[in-house]
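Take a look at the structure below.
The values are calculated or read from the model by the stated rules, or taken from the named source; none is laboratory data. Just so it is clear, the structure is predicted and the values come from calculations on it, not from any experiment. Don't worry about glycine lacking a Cβ; one is built from the backbone with ideal geometry, like all the others, and counts go over all protein chains shown.
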Amino acid sequence: MFWLCINDDLKPFRPMPKFLCVKGILFFSFWQSIAISILVSAGAIKQLGPYADKEHISLALTDTLICLEMPIFAFAHMYAFSHRDYVDPHVSFAGRMPMFYAIRDAFGIKDVVEDTKATLFGKGMDYREFEPSEGHIHQGLGRERRIRAGLRYSKGGKGKYWLPQP
């Protein structure tokens, strides 16, 4: 009933291939593992290579089949979630950079080096960067440490702010 009502509205978004890709992955990863477990428990599959343990056989066979199926689903996803849905054919891509600069930008590692230095030396890593969602009042030792570090609550605990660092 639902599909009949909205079929025409969703047609430009091609929902069927998207639905089949997602449901196919869920089906093959879940129901296939159950079917293999039943076959192993029933004794239809007794040994898989050097493994005779039922748990190892079931897991190994399930994982192997998933590895063999996922490239097929990857190609199906390339069709179902195509980049062409988001490209406007009437827009010119005049702002593109020359090939040399694009390759240099793609293979540049300056951002990785800077992030590594910041991580190793702890630059910018303190309580201020790792705050939970707004309106949460800390409890116990965590609250005491944050208050000593400069956290202040306002509006009855609904808001919070940090004192400026010296």
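The helices (runs of 4 or more DSSP H) falling completely within segment 1-110 that include 1 or more residues that are charged (D, E, K, R) map to 2-10, 15-26, 54-80, 99-107.
Of all residues in segment 83-122, those being at pLDDT 85 or above, within 23 Å of the chain's Cα centre (by Cα) and surrounded by 10 or more Cβ atoms within 10 Å (Cβ to Cβ) number 2. For segment 76-114, the candidate set comprises residues that are in contact (Cβ under 8 Å) with a residue 12 or more places away in the chain and of a type outside the set (A, V, I, L, M); within that set, the residue that is farthest from Phe13 (Cα to Cα) is His77. Of all residues in segment 7-21, those being surrounded by 11 or more Cβ atoms within 10 Å (Cβ to Cβ) and either in contact with a Cys (Cβ under 8 Å, 6 or more places away or on another chain) or without any contact (Cβ under 8 Å) to a residue 24 or more places away in the chain (or both) number 5.
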